[in-house]
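Here, each number is a calculation from the coordinates, and none is a lab measurement. Just so we're clear, the structure is a prediction, and the values are computed from it rather than from any experiment. Counting neighbours? That spans all protein chains shown, and the Cβs are built from the backbone with ideal geometry, glycine included.
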Amino acid sequence: MRLVRFERQGQTRIGALEGDQVVDLNDGDPDLPTDMVDLISKWSDDAVAAASERGARHALRDVRLLAPIEVRKNIIAVGKNYRDHAAEFSKSGFDASEKQLIPDDPVVFTKAPTSVIGPGDAIVLANDPTGTTDYEGEMGVVIGKIAKNVSKEDALDYVFGWTIVNDVTARDLQKRHVQWFIGKSPDTFCPMGPAITTRDELPDIRESWMTTTVNGEQRQHAPISALIFDTETLIATLSEVMTLEPGDVIATGTGLGVGIGFEPPVYLESGDVVEVSIDGIGTLSNPVK
Ligand code: MG
């Protein structure tokens, strides 16, 4: 199932995406939570399947899609998780924290929840005073149940599904402040969506590819299988020390082809449209203003 959050006639609902239609799950079963984190926490295959049979159907064009999760916590994100991107980032001179070209252990940082926007929402360049705004297309792992001390072998059992995150970054802030948090967290700098594809529908995310375009021009095209630290390793590494909770999102890192890989760097400009696609999840499209 591909789950979305949407707004229609002033109400926020959870829907199942079917072709160019959205089935209103909250209409199909008024007892289902309207909050995605709650729905994931209390997930029932039977209840959701029944709701998807009964719920009202709307044309996709008649609703406004929102970020699939109203996040309550920081987005967990992983840096330098593709070899060729790690090399491109190092060469750009923007990595003030560099210890190794290819890390031995995952480079983990977070993005503020206030940075999250939905499909179609604008990335606002005014939130980056340095004018060095760059895109990073990424696969996002959505956690399905409380995870602590989970082994790599069991890690996928804790995955609810997959989404798309654009880890938009203010490059000069990322470099200037050494710690990446501020450069990764300007308002609107975390587009997410359009959907969460549940793991039963997309059991092996490694078979998918991630593609990023700017104004239709392909900039990134990477197989998820090329991640240095895969989903299982990331969940094992994080859960060894911290409790992961339902609805937590891990942005797993970007591939080759970001704007600072160009010489000179090519930053996003007002009027651009950035689209990140992952097979089996969809396309996350955001204008830049
Ligand atoms: Mg990133």
In debye, nearest 20: dipole of the chain around its Cα centre with unit charges on the Cβ of K, R (+) and D, E (-)? 660
For Leu66, residues with placed amide H under 5 Å, excluding near neighbours: Arg5, Phe6, Glu7
Scalar couplings 3J(HN,Hα) for the range 155-166 by Karplus 6.51 cos²θ - 1.76 cosθ + 1.60 (θ = phi - 60°), nearest whole Hz, x for Gly and Pro, are 4, 5, 5, 9, 8, 7, x, 10, 9, 10, 10, 9
Can you give me the long-range amide H partners of Thr132? Hydrogens built in the peptide plane at 1.01 Å from N, cutoff under 5 Å, separation of 5 or more residues or another chain. Arg171, Asp172
When ranked by the protection proxy of mean other Cβ atoms within 10 Å per residue, highest first, what sequence do the peptides 16-28, 145-157, 275-287 form? 275-287, 16-28, 145-157
Return the whole-Å distance between the Cα centroid of the range 84-115 and the Cα centroid of the range 219-280. 11
In 5 Å bins starting at 0, how do the alpha-carbon pair distances of the range 2-66 split up by percent? 4, 20, 35, 26, 13, 3
The chain, relative contact order [Cα under 8 Å, separation at least 6], %: 24
Give me the three principal axis extents of the chain from the C-alpha atoms, as integers in angstrom, largest value leading. 55, 44, 29
Mind putting a number on the dipole of the range 2-66 about its Cα centre? Charges go on the C-beta only, +1 for Lys and Arg and -1 for Asp and Glu, and I need it in Debye to the nearest 20. 280
What residues from the range 228-243 fall in the zone where the backbone N is under 12 Å from a label point 7 Å along the Cα-to-C-beta line of Thr110? 242-243
In whole Hz and in residue order, list the ³J(HN,Hα) couplings for the range 181-193 that follow from phi through the Karplus curve 6.51 cos²θ - 1.76 cosθ + 1.60, θ = phi - 60°; x for Gly and Pro. 3, 5, x, 9, 10, x, 3, 6, 8, 9, x, 9, x
For the range 125-137, in order, what is each residue's ³J(HN,Hα) by Karplus, 6.51 cos²θ - 1.76 cosθ + 1.60 with θ = phi - 60°, in whole Hz (x at glycine and Pro)? 5, 5, 7, 10, x, 8, x, 10, 7, 10, 9, 8, x
Can you list the aspartates and glutamates whose alpha carbon is less than 18 Å from that of Lys148, not counting same-chain residues fewer than 8 positions off? Asp157, Asp230, Glu232, Glu240, Glu245, Asp248
